[in-house]
Amino acid sequence: RVVNHKLLDNKETKAFLLALGVKLPSLRDQIYNTILPQYEKDGEIDTDAHFRLFFDYFLKCPNEEVDDFIESIKDLEFLTYRTEEDDQTYRGAAESMYLADDDLRSYFETKADTRFIEIDDYRKLTGDRKEEQLLDFLRRLGVQQVPVFKEVQIDPWSRNDLPHPHYT
């Protein structure tokens, strides 16, 4: 249950609730009970605040829970990205993005809709001293650092846009 925050403005009410044993929810409880359900509905989401909480919990999470935690958030669209074709910022799942460097930008030069994570924004959110942990977090979520190749089976006879060999 959640206590209306306005009740906590009154010192006597706050003291009474603390005496009853009511306390702030743990970071884990806040993530699993409040934040994750928001991604099941359409609507506005403060992805920067959620990213900070997810990242903080990742850093504090017991080792045996890290994989489950990553699994529970990796498909959520809470990371922001841009493409070369559009200066607009969008949000998406980590697996659909690349961590840009000059080589990757050059490689994807002809594919202007490639999603590059807004890494500088996340560096500002986490602080310079946490660069290694940030990159580890993003990699575990599925952000790519090298081009991903997917094998696709094509039946050439069912495609009208491919040339068909002619037999005589």
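Some points to look at:
- Accessible area in square angstrom per residue, the chain, 1.4 angstrom probe: 75
- Gaussian network model of the chain, Cα within-10 Å springs - most flexible of LYS23, LYS74, LYS111: LYS23
- To the nearest 10, the accessible area of GLU85 is 130 Å² with a 1.4 Å probe.
- DSSP H segments from the chain that extend 18 Å or more along their own axis, Cα-based, with Kyte-Doolittle mean of -0.5 or above: 47-60
- Translational diffusion of the chain, µm² s⁻¹ [Kirkwood Rh, Cα pairs; Stokes-Einstein; 10 °C; 1.306 mPa s]: 82
- Efficiency of FRET from Cβ geometry, LYS41 and ARG123, R₀ 35 Å, rounded to 0.05: 0.70
- For the pair ASN33 and VAL148, label points projected 7 Å from Cα toward Cβ lie 3.4 nm apart.
- With both residues required to sit in the chain, DSSP beta bridges show an antiparallel share near 75%.
- Paramagnetic reach from TYR107 in region 65-91 [backbone N under 17 Å; point 7 Å along Cα→Cβ]: 84
- Protein accessible area in region 55-103, 1.4 Å probe - carbon and sulfur %: 36
- Pairs of Lys residues in the chain, spaced 8 or more positions apart or belonging to different chains, with C-alpha separations under 21 angstrom: 12 in total.
The values are calculated or read from the model by the stated rules, or taken from the named source; none is laboratory data. Not measured: the values here are computed from a predicted model. Backbone-built Cβ (ideal geometry, glycine too); neighbour counts: all protein chains shown. Note: areas computed on protein heavy atoms with side chains; ligands, DNA, RNA excluded. Shrake-Rupley method; radii C 1.70, N 1.55, O 1.52, S 1.80 Å.
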